[in-house]
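A.B. asks: Attaching a single structure in structure tokens format; questions to follow.
Read-outs: derived from the displayed coordinates by stated rules, not from any lab. Every value quoted in this text rests on a predicted model; they were computed, and no experiment measured them. Cβ sites come from the backbone with ideal geometry, for glycine too, and all protein chains shown count toward neighbours.
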Amino acid sequence: MLTVLESITLSTDFLEKKGIESPRMNAELLLAEILNCKRLDLYLAFDRPLVDKEIVKYREFISRRGKFEPLQYILGKVEFYGLEFKVNRSVLIPRQETEILIDTIKEGVNNSHPLKILDIGCGSGNISITLAKNLTNSTVLGIDISKEAIETALINMKNNDCEKNVEFNIADIMDVNFANSYSGFDIIVSNPPYVSESEYQNLQKEIINYEPPTAVTDGNDGYKFYRRISEVSAEILNPNGKLYFEAGAGQAEKIKTIMTDNGFTNIRFAKDYLGIDRVIHGEKL
Ligand code: GLN
């Protein structure tokens, strides 16, 4: 019978041979999920034998990870800004650098004011829900073109108890009539698909083979959504309203030009942990 330690060691070797990064950590996190414990608790249970049911499940998880399925899809969840979000293959996996977007918005607004916030391309709802939990006087509307993404966002809204100030709708920002249906926002935020069509093929297998392509690439030059969202935001933001974007590495300057061309001023950048200009924001005149 296999013990916790033996199964971790075997799985680590397997994942390493397949070329998975941080194989031991992956092997541990997947087993911790099956045993319903914290990763570090495994170290107190190295000699515990696994029962057949656990071994079958663990084999399935390790085999999926060996095919480059992202860890978060196998676990079915991810932590973002201290909250738990359900994820599946219809939504982009929330990334750590997107937490900078939340920090920057929190620093820039006054929580005592009731603000109306729009999150364009909300995916799992991570940005909308985190803002609603942190800016408790505000109301947030998250929109996405994907019905499956909105279904996931609605589950995350319920799980995080924020039905009171969050709403999710299916909507297409590229729709020419978009600005007729929505208006009066104080803040617009978006982490749009910003990988260009030509760069898309060079991404990790985990992304290309598993994450929804429409959440990752714009199938264009990487700026299609920055252009469209800046144009729409200039129309539907209140005077002095603010627009916040997440940007891909090296994109901030060009996005600044797009925002300036659409009448935004006071443009600022915020850097991520690697020193990359990750957030760009400005104000409507
Ligand atoms: N809003 C989600 C996030 O920031 C999804 C973004 C997207 O699908 N491009 O993680």
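A.B. asks: Relative contact order, percent, of the chain when contacts are C-alpha pairs under 8 Å separated by at least 6 residues?
C.D. replies: Contact order relative to length: 14 percent.
A.B. asks: Next question. Compute a Gaussian network model of the chain, connecting alpha carbons closer than 10 Å, and tell me which residue from L243, L101, L29 fluctuates the most.
C.D. replies: L29
A.B. asks: Okay, next question. If you line up the long axis of helix 224-236 against the longest principal axis of the chain, both from Cα atoms, how many degrees apart are they, to the nearest 10?
C.D. replies: With rounding to tens, the tilt is 50 degrees.
A.B. asks: In the neighborhood of F168, defined by Cβ-to-Cβ distances under 10 Å, what is the net charge if each Lys or Arg adds +1 and each Asp or Glu adds -1?
C.D. replies: Spelling it out: positives minus negatives among the neighbours equals -4.
A.B. asks: Please compare each pair in K116/K284; K57/K158; K57/K77 to a cut-off of 23 Å on the Cα-Cα distance and tell me which ones are over it.
C.D. replies: Those over the limit are K57/K158.
A.B. asks: Quick one: helix 98-108 against the long Cα principal axis of the chain, what's the angle to the nearest 10°, folded into 0 to 90?
C.D. replies: Roughly 40 degrees between the two axes.
A.B. asks: Expressed as an acute angle from 0 to 90° and rounded to the nearest 10, what is the orientation of the C-alpha long axis of helix 252-261 relative to the principal long axis of the chain?
C.D. replies: Once rounded, the angle reads 30 degrees.
A.B. asks: On a C-alpha basis, how far is the centre of segment 80-104 from the centre of segment 1-19 in Å? Whole number, if you could?
C.D. replies: 29 Å
A.B. asks: In terms of Cα to Cα distance under 17 Å, which aspartates and glutamates are near enough to K147, apart from those fewer than 8 places away along the same chain?
C.D. replies: D119, E167, D172, D175, E211
A.B. asks: Suppose each label sits 7 Å from its Cα in the direction of the beta carbon; what would the E60-Y273 distance come out to in nanometres?
C.D. replies: Once both label points are built, they end up 3.2 nm from each other.
A.B. asks: Hey, another quick one. Where Rh is the Kirkwood radius over the Cα pairs of the chain, the temperature 37 °C and the viscosity 0.692 mPa s, what D in µm²/s does Stokes-Einstein return?
C.D. replies: 162 µm²/s
A.B. asks: Same structure, new question: What shape does segment 227-283 have by the C-alpha gyration tensor, where a ≥ b ≥ c are the square roots of the eigenvalues, rounded means a/c under 1.5, and otherwise prolate means a/b greater than b/c and oblate the rest?
C.D. replies: Taking the square roots of the gyration eigenvalues as a ≥ b ≥ c, segment 227-283 is prolate.
A.B. asks: Given a 10 angstrom Cα cut-off, can you work out which residue in K18, K53, K158 is the most mobile in a GNM of the chain?
C.D. replies: K53
A.B. asks: Same structure, new question: Work out how much length E107 to R95 would gain on full extension: take 0.36 nm times their residue separation and subtract the Cα-Cα distance, in nm to one decimal.
C.D. replies: 2.3 nm
A.B. asks: Further, regarding this structure: In a shell of Cβ-Cβ distance under 14 Å around D47, excluding D47 itself, what net charge do Lys and Arg (+1) and Asp and Glu (-1) give?
C.D. replies: Result for the neighbourhood of D47: -1.
A.B. asks: Using every alpha carbon pair in segment 134-187, what percent of pairs falls into each 10 Å bin from 0 up to the bin containing the largest distance?
C.D. replies: Percent of Cα pairs in each bin: 22, 48, 29, 2.
A.B. asks: While we're on this one: Out of every Cα-Cα pair in segment 118-263, what percent are more than 22 Å apart?
C.D. replies: For segment 118-263, the share of Cα pairs beyond 22 Å comes to 40 percent.
A.B. asks: A follow-up question, please. So which residue, out of K254, K17, K67, gets the largest mean-square fluctuation from a GNM of the chain using Cα contacts under 10 Å as springs?
C.D. replies: The residue that fluctuates most here is K17.
A.B. asks: In segment 85-127, whose amide N lies under 18 Å from the spot 7 Å out along Cα-to-Cβ of E148? List them in ranges.
C.D. replies: Only 86-94, 121-126 fall inside the zone, counting backbone N under 18 Å.
A.B. asks: Just round it to a whole percent: the fraction of Cα-Cα distances in segment 24-179 exceeding 29 Å.
C.D. replies: 31 percent
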